[in-house]
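Heads up, the thing below is written out as structure tokens.
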Amino acid sequence: MIKRFFIFCFFAATGLFSTVFAQRNFTLSGTIKDQSNGEILIGASVLVRDGKGGITGTVTNVYGFYSISLPSGNYSLTFSFIGYESHEKTISLTQNITLSLELTPASTVLSEVVITEERGNQRITRNEMSAVRMNIQTIRQIPTLMGEVDVIKAIQLLPGVMATSEGGSGFSVRGGAPDQNLILLDEATVYNAAHALGFFSVFNNDAIKDVTIYKGDIPVQFGGRLSSVLDVRMNDGNTKRLEATGGIGILSSRLTVEGPIFKDKTSFLVAGRRTYFDLFLPLSNNAMARNVRLFFYDLNGKIVHRFSDKSRLYFSVYNGLDVFGTRLGEYMQFDYGNTTLTARWNYLFSPKLFSNLTAVFSKYDYTMGAEIGNMRFKWLAGLSDYGGKMDFTYFLDPKNTVRFGASSVYHVYRPGFSDFYIGGATGWFSDSVSVGQRMELPDNHALENAIYLGNDQTIDDRFSLKYGIRLSSFSNIGRDTVYYYDEDFNVIDIVGYPKGRFFHTHWGFEPRIGATYVINEATSIKGNYSRTVQYVQLAQTSTGGNPLDMWFPANPNIKPQKADMYALGLFRNFQDNKWETSLEFYYKDIFNCIDFKDHSDVIMNRQLYGEIRQGRGKAYGMEVMIKRPSGTLNGWVSYTLSRSERTISAINEGRTYLAPFDRTHNLSIVANYQFSERHSFSANWVFYTGNAVTFPSGAAFLGGNWIPVYTYRNDSRMPNYHRLDVSYTLKSRPNPNRRWSYDWNFGLFNAYGRKNPWVINFKQERGTDRKFAEMTYLFGVIPSVTFNFKF
Amino acid sequence: MMIKQIIGNRKQGIRFSIYLFTYLLIFLSSCTEEIDIRLKSSDKRLVVDGGIGMEPGVHTVILSTTVDYFATNAEIPYVSDAYVTITEFNEAMQATGRLFRLLENPTKKGHYETEPDVFGKQGHTYRLNISNVNVGKETHYTADAFFPYIAEQIDSVRAVWWTNLLWAGILGGLQDTARGRNGWNIELFADDPEGENYYIFITYKNGIPLNDTLTRFLLLDNTLIDQNMIGLRGIPIEFISDSSWAAAKEGDTLGLEIRAISKDYYRYINEFRTVYGGSNPMFGGAPANVRGNVSGGAIGYFWAHGNRKAFDVADRSKRPTVFGGGFWPPPNPPKQIIPR
């Protein structure tokens, strides 16, 4: 660790020296937006030619801001972004220049002219790997379940990312668990990104602008999760005119209204989505179905105010809820949802120093209640985050971009509280003696802090480096009661800590280093090492995923999980960047990896920490991606060959076993064929090896019953999974004199009706001793129709 | 009936709700189908099933082996010709000198039986020794079982007639006897000694046990309960519905058997039930073997425990016992909303 620190110091010093000896530089900076609606463009590229053959460039950050320092002189600039006309400009740089501009959306995506060489090459030269940015237009083309455009389902088609269950929103990145992904919506953590037990994600596509997943090479400003960061950004709202976008589908309807409050100064966006599946249930001839209440909704809101070119304020809010219940003689209800609030203030101290101050609030909770006869029962649980972040980007000189900042989050975990009441039910209790039981697991409190510093340094035309360090801490704060265990997990001591006492702190030292070497214009090789630390995890023993999330923090009993990831990648573009290919290898070493012992009990267990075992984990793999980003036929093929395993001495007799998310092969083919301006056809096909599961190998006759006998944990596999989805989109006739437009989308999910097992149960035939395997599958062929409009 | 049980196992309430939701979900969206799955073949392991009780008599230990999972409709592979003994140890784990030899019943393969006058004693530990078997990696297996203390835990029971029971029997015991709303409730009058205690309850009708199997015992413990519920006078333990297979009529003799078992055996039964019932796809963890107490990777359990019984004649004129200061008949209690 000390050695790594010295390496870091060395690089940092190199970075500083290069500025000391630099000649006089000026800064070119600004914001790039969409001309049609004023939305900022994330990742738009700025290419600078000095006229002597030298080319340099940068891209806009998540706030559409770019800054580049250059020696004085004349430059020709090209601003470009996928799907937009590129813009050329010549400047004479003799002082700092602010150059903000708006790009015009390309009149037709069919025209391959807009695919400029510069843009395509960016992927090769950029000092970043294992990250994929998807804009919402690409995501919208992908056929989906019931026509619901879904950010997470799109992410699951990328190499190294896989769905953890059929149709589910949980995803595993490079062999990690679903709780190792940090999901951010406008910088606020979304703890449960799933609706309807996972079949849909919480992101309403009309309100989303851009999605980036970091599967590795995680930038220093992010931390707290081992495997990945999914950074989802909401639209800011149209600054030019009032606009409404919406859609009517078989599952849900959406409506988004956005527009300027003060032209070019303040804009707003309000987006809503609600399912109406439940409205048809009363028509069912099944009594059970008639009494079911089942719906979810999402609300997104945002206000952006521009004080000046230097100062901008953003407010984002999200609220979503799932309601699931029944009234069938008895009453049951199960509600769960997320709420996030973000306030951000961008401030440009100088053209070189960009800052962002963020305040976040995030909440996930659920309520489960039942009333059966006179037994009543209610269970509440959840968690909340209150946090602040400061983030600075210092565009030091053409060769160095320094990023530094700090963050602090106060976590409150409410593991649960249940109320149980029986009264009057049996005719002999009176209320005065009714039996009421309240079981409450105390809240846990923790403070998670981090500071970070990193530099992105260009050494020469070919070689660039990136290095940074993140220091994090996680403190448990009283009031709390901690059970201490001996080696056999018997309770040896119970210690109560008073309110406000910082009774335990874990520290994390997270160095991250990366390098890119450009072999030629179309080829580069990149390498990366990153350390990530995770202090909170989900108490969940199943792979199916359910909304009963219970996050529990590291404490004196549980050490934080740590991962060291090494990645190496080869990137090559073909045919003038019309084809992009990449090949990445990764190896991940996980320390203090968490799993649950056999027959563990995680629901409402005061001694939850006694159910947990820690050990080592290992994941490695190869990811291949071949992509044609645009053109009449566009799409990608991704293939992952991987393995993920765990070795925990107290589990599986200490033998190494496969992680539940281990999949040997994972192949996705995503294609979109635009056969005319109005008609397009999309298809995706996925294939993956079945999950590692524990199936019985034998049976024992005990107490008059046959019971299954298992050999080792996760030593069997579910059958291979494959599925084809198709969709066809018909757009309205383009007419520049008309404000409104629409499109129809017809889709088939699981087009050839593959019965993919969601779960396999082993059963005994009634009346005999014959055992058989029974699979439950969720989906047959599911057609969908969606009508989308905009005016 | 099982008010006691619900309170003792509140978590089961949570689980029950979870199951109901899952089934709702599956009902709404899914289909099932039998499929062909090739399972790994398992190494043969010894299966031990038996124990020693407190009443003098023949005590049996059954030995068999595991079979491949899909081979359960073949004959049960009992293990013959084993040398089986039980040795008694006192509280200080010193051999008391009592040693029982179990001989294979010549007519029942794999069933090893003691002499007819053997009994176990409270507070002692019994060690099962099995040798001369050629199953799995070992030829010699042992298991230790502690015989928990059992006080005079049952004073008596009362069988009383209940009508219009609004809620009954979702959770356990005689699950399928609880469909109706009228029936006989068996009330228990007993003591629950200090400390952690674990119990099995078995219901009797006219001398015949109704639920004397691992999967259908009523299991109770006093670890989660703040007040000493089992010690309550007249707590309803079992409800025999009038419209169930076990329906009883006036004049039948109904009763309860209580067995005080060790914490480890209690855990074993719970695990056995989980494995037997199959795990819930969304909420169950990785399936795992039921951990028994026999060495050498054998499956199964060797237990030692005592029991008490009490009976009462069903009589409709009897009033339910009022406990805890309540009164009879009760007023209609207002619906109470549990605060959020």
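The values are calculated or read from the model by the stated rules, or taken from the named source; none is laboratory data. On a predicted model such as this, the values are computed, not experimentally measured, just so you know. Glycine gets a Cβ as well: all are built from the backbone with ideal geometry, and neighbour counts include every protein chain shown. To get the accessible areas, we keep the full protein, side chains included, count just its heavy atoms, and leave off ligands, DNA and RNA. Shrake-Rupley method; radii C 1.70, N 1.55, O 1.52, S 1.80 Å.
Within segment B:45-66, the set of residues being more than 8 Å from chain A (Cβ to nearest Cβ) and either part of a loop (DSSP other than H, G, I, E, B) or touching a helix residue (DSSP H, G or I) at 6+ places or on another chain (Cβ under 7 Å) (or both) comprises B:Gly53, B:Met54, B:Glu55, B:Pro56, B:Val58, B:His59. Considering every residue within segment A:203-215, establish whether at least one is touching a residue at least 60 places away in the same chain (Cβ under 8 Å), of a type in the set (Val, Ile, Thr), surrounded by 23 or more Cβ atoms within 10 Å (Cβ to Cβ) and within 24 Å of A:Leu548 (Cβ to Cβ). Scanning segment A:203-215 turns up no residue that is touching a residue at least 60 places away in the same chain (Cβ under 8 Å), of a type in the set (Val, Ile, Thr), surrounded by 23 or more Cβ atoms within 10 Å (Cβ to Cβ) and within 24 Å of A:Leu548 (Cβ to Cβ).
Yes/no matrix, rows are residues, columns are (1) within 14 Å of chain B (Cβ to nearest Cβ); (2) open to solvent by 10 Å² or more (accessible area, probe 1.4 Å); (3) at pLDDT 95 or above; (4) more than 25 Å from the chain's Cα centre (by Cα):
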| position | (1), (2), (3), (4) |
| --- | --- |
| A:Ser408 | no, yes, yes, no |
| A:Arg414 | yes, yes, no, no |
| A:Gly424 | yes, yes, no, yes |
| A:Met439 | yes, yes, no, yes |
| A:Leu453 | no, yes, yes, no |
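Would you mind stating whether A:Ser165 is open to solvent by 10 Å² or more (accessible area, probe 1.4 Å), without any contact (Cβ under 8 Å) to a residue 24 or more places away in the chain and closer than 28 Å to A:Phe779 by Cα? No.
When B:Tyr69 is tested against the conditions (1) at the interface with another protein chain (Cβ under 9 Å from one of its Cβ atoms); (2) surrounded by fewer than 23 Cβ atoms within 10 Å (Cβ to Cβ), the lone failure is (2). Can you give me the number of residues within segment B:311-339 that are touching a Gly at 6+ places or on another chain (Cβ under 6 Å) and either more than 7 Å from chain A (Cβ to nearest Cβ) or at pLDDT 80 or above (or both)? Final tally of qualifying residues: 3. Listed by position, the strands (runs of 3 or more DSSP E) enclosed by segment A:143-188 that each have at least 3 residues that are of a type in the set (A, V, I, L, M, F, W, C) are A:161-163, A:181-185.
Would you say B:Phe239 is in a strand (DSSP E or B), surrounded by fewer than 20 Cβ atoms within 10 Å (Cβ to Cβ) and modelled with pLDDT under 80?
No; evaluated as a whole, the condition is false for this residue.
Is one or more of the residues making up segment A:191-198 of a type in the set (S, T, N, Q) and crowded, with 24+ Cβ neighbours inside 10 Å? Yes: segment A:191-198 contains one or more residues that are of a type in the set (S, T, N, Q) and crowded, with 24+ Cβ neighbours inside 10 Å.
Among the residues of segment A:161-178, is any among the charged types (D, E, K, R) and either modelled with pLDDT under 90 or outside the structural domain of A:Phe404 (by TED's automatic domain parsing) (or both)?
Step one: of segment A:161-178, the residues among the charged types (D, E, K, R) are A:166, A:174.
Narrowing the set further to residues that are either modelled with pLDDT under 90 or outside the structural domain of A:Phe404 (by TED's automatic domain parsing) (or both) leaves A:166.
Yes, that holds for at least one residue.
Step by step: first the residues of segment A:251-281, then only those that are within 14 Å of chain B (Cβ to nearest Cβ) and outside any strand (DSSP E or B), then the one that is modelled with the highest pLDDT. Which residue is that? Within segment A:251-281, the match that is modelled with the highest pLDDT is A:Leu251. Being open to solvent by 50 Å² or more (accessible area, probe 1.4 Å), of a type in the set (A, V, I, L, M) and farther than 26 Å from A:Arg126 by Cβ holds for only one residue in A:Val317, A:Val360, and it is A:Val317. Out of curiosity, is A:Pro708 within 12 Å of chain B (Cβ to nearest Cβ) and either modelled with pLDDT of 95 or more or not in a strand (DSSP E or B) (or both)? Taking the combined requirement at face value, the residue does not satisfy it. Can you spot a residue in segment B:191-212 that is at positive phi, at pLDDT below 80 and either open to solvent by less than 20 Å² (accessible area, probe 1.4 Å) or more than 14 Å from every other protein chain (Cβ to nearest Cβ) (or both)? There is at least one residue in segment B:191-212 that is at positive phi, at pLDDT below 80 and either open to solvent by less than 20 Å² (accessible area, probe 1.4 Å) or more than 14 Å from every other protein chain (Cβ to nearest Cβ) (or both).
Contact annotation: residue pairs with Cβ atoms under 7 Å, 6 or more positions apart or on different chains, pairing a residue in segment A:654-674 that is of a type in the set (S, T, N, Q) with a partner that is at pLDDT 90 or above and assigned to a loop (DSSP other than H, G, I, E, B), are A:Thr664/A:Thr689; A:Ser668/A:Leu157. Reported count of residues in segment B:81-99, each being touching a residue at least 12 places away in the same chain (Cβ under 8 Å) and either more than 25 Å from B:Arg45 (Cα to Cα) or open to solvent by 40 Å² or more (accessible area, probe 1.4 Å) (or both), is 9.
Determine, yes or no, whether A:Phe509 is aromatic (Phe, Trp, Tyr) and either assigned to a loop (DSSP other than H, G, I, E, B) or open to solvent by 10 Å² or more (accessible area, probe 1.4 Å) (or both). In short, yes. Does B:Gly292 meet the test of being modelled with pLDDT of 90 or more and within 7 Å of chain A (Cβ to nearest Cβ)? Considered against the rule, which asks whether it is modelled with pLDDT of 90 or more and within 7 Å of chain A (Cβ to nearest Cβ), B:Gly292 comes out as no.
Of all residues in segment A:664-679, those satisfying the criterion of being modelled with pLDDT of 90 or more and open to solvent by less than 20 Å² (accessible area, probe 1.4 Å) are A:Asn666, A:Ser668, A:Val670, A:Asn672. Restricting to segment A:614-650, name every residue that is hydrophobic (A, V, I, L, M, F, W, C), assigned to a strand (DSSP E or B) and crowded, with 19+ Cβ neighbours inside 10 Å. Within segment A:614-650, A:Ala619, A:Met625, A:Trp636 meet the criteria.
Just the residues that are among the hydrophobic types (A, V, I, L, M, F, W, C), outside any strand (DSSP E or B) and under 27 Å from A:Pro159 (Cα atoms), please, taken from segment A:547-603. Break it down into steps so the answer makes sense when it comes.
Keep residues of segment A:547-603 that are among the hydrophobic types (A, V, I, L, M, F, W, C), which gives A:548, A:550-552, A:554, A:558, A:563, A:565, A:567-568, A:570-571, A:574, A:579, A:583, A:585, A:590-591, A:593-594, A:596, A:602-603.
After this cut, where a residue has to be outside any strand (DSSP E or B) as well, the list is A:548, A:550, A:554, A:558, A:602-603.
Residues satisfying the conditions do not exist here.
If you go through segment A:725-781 and pick out every residue that is surrounded by 13 or more Cβ atoms within 10 Å (Cβ to Cβ), charged (D, E, K, R) and in contact (Cβ under 8 Å) with a residue 40 or more places away in the chain, you end up with 5.
Among the residues of segment B:260-278, is there at least one that is open to solvent by less than 10 Å² (accessible area, probe 1.4 Å) and modelled with pLDDT under 85? Among the residues of segment B:260-278, not one is open to solvent by less than 10 Å² (accessible area, probe 1.4 Å) and modelled with pLDDT under 85, which makes the answer no. Of all residues in segment A:219-234, those satisfying the criterion of being open to solvent by 10 Å² or more (accessible area, probe 1.4 Å) and either out of contact with any helix residue (DSSP H, G or I) (no Cβ under 6 Å at 6 or more places or on another chain) or modelled with pLDDT under 90 (or both) are A:Pro219, A:Val220, A:Gln221, A:Phe222, A:Gly223, A:Arg233.
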